[in-house]
Amino acid sequence: MKKRVTKAIFPVAGKGTRFLPATKSIPKEIMTLVDRPLIQYAIDEARAAGIREFIFVTSRGKSALEDYFDHTPELENTLRKAGKEDLLETLKTTNMDSGAIAYIRQHKALGLGHAVWCARRLIGNEPFAVILPDDVIAAQTPCLQQMVEAHAETGGCMVAAMEVPKEKTSSYGVLDVKGEMGATVSINGMVEKPPADEAPSNLAVIGRYILTPDIMRNLSRIKTGSGGEIQLTDAIAAEIDEDREVFGYRFRGQRFDCGSKAGFLQATVAFGLAREDLGAEFEEYLQELMSMHRAAQ
Ligand code: UTP
């Protein structure tokens, strides 16, 4: 029987330079879409997929993330006394069971692959998920849940895949597709950031993965073999080289690249419009703004 995926790694040790100066003192993952930080969306998605153990790979200056998932007795007492039950309920979504969350430090930002490798001792011999919180995905069935269901059929490694315009392939890892099986595709390999005319497909890898523990062994090898950044895609490609199966999964949903300013703004607008309590007022404002903007041109 295939093992269930119950652990997820959240690599949050990057420098977030694209959001300087904000990220000088705030972790990128604490930046908010409406009223919830990026990390909350990632945790909610993981919970929906059946994840029970949450492993954060952090770095210096990220203690706000640890505090975010802690209890706040004073605040909770104040809210309780004021009868603010709805806010108390909201706060509960940030609480974790004791022992369900672990923090590992990546001492140097040596790349995503290295960040994942830092969590190797907590993974054991089971498949695990990796979630990049700056990729936020709006979906009816949360993306990782879709992947966990597909993975129960296929096993192996699985990466989330999304169609991108050909001229954008140079910003992504791109799949070399072997065969199509509905939403799942088997692959021959992955090419990192190919120019449009060399891209083997327009299926790009985005920040959700289900990986086998073999990946940690591959990452150890890459570590000793190369300097500079250690890429997760290289460790996944090594699986294919050793004839183990890797799949792409075309998820249903809309992905926002919240690691970039444009993507973050788009997500803010989309999530604002989707909110029952704010959507109508916000839409009216946006329409007004757009007509003023057009009139000024
Ligand atoms: P990014 O490529 O977005 O890099 O990392 P970054 O440092 O976060 O942001 P910029 O490019 O400087 O603006 C993708 C994911 O991998 C994690 C990041 O935290 C992010 O979730 N990461 C990256 C690490 O945990 N460690 C690393 O060494 C590099």
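Brief remarks follow.
- Cut-off 14 Å between beta-carbons: net charge of the residues surrounding His71, Lys and Arg +1, Asp and Glu -1: -4
- On the beta carbon distance between Ser260 and Gln140, with R0 = 22 Å, the FRET formula returns roughly 0.35.
- Relative to the Cα centre, the charge distribution of region 165-297, modelled as +1 at Lys and Arg Cβ and -1 at Asp and Glu Cβ, gives a dipole magnitude of about 120 debye.
- Net length gained if the chain between Arg60 and Arg120 were fully extended (0.36 nm per residue, minus Cα distance): 19.6 nm
- Charge dipole magnitude, Cβ of K and R +1, D and E -1 - the chain, Cα centre, debye nearest 20: 920 debye
- Within-13-Å neighbourhood charge of Ala183 [Cβ basis; K, R +1; D, E -1]: -2
- In the chain, the calculated helix contribution to ellipticity at 222 nm averages -11000 deg cm²/dmol per residue, counting -39,500 (n - 2.57) for every DSSP H run with n ≥ 4.
- Bridges between two residues of the chain, per DSSP, are antiparallel at a rate of about 60%.
- Estimated FRET transfer efficiency when R0 is 51 angstrom, pair Lys92-Asp197 (beta carbons, to 0.05): 0.50
- In plain terms, the chain from Glu153 to His71 could stretch by 25.7 nm, reckoned as 0.36 nm per residue minus the Cα-Cα distance.
- Each Lys or Arg adds one and each Asp or Glu takes one away; over the other residues whose Cβ falls under 9 Å from the Cβ of Ala129, this sums to +2.
- Remark: the Ser171-Leu289 segment gains 39.3 nm on full extension, using 0.36 nm per residue and subtracting the alpha carbon distance.
- Under a model in which nothing but the beta-carbon of Lys, Arg (+1) and Asp, Glu (-1) is charged, region 148-227 shows a dipole of about 380 debye around its Cα centre.
- Within the straight-line cut-off of under 14 Å between alpha carbons, the aspartates and glutamates reachable from Lys28 are Glu66, Asp134, Asp135, Asp257, sequence neighbours fewer than 8 places apart in one chain being disregarded.
Here, each number is a calculation from the coordinates, and none is a lab measurement. Just so it is clear, the model here is predicted, and its values are computed rather than measured. Counting neighbours? That spans all protein chains shown, and the Cβs are built from the backbone with ideal geometry, glycine included.
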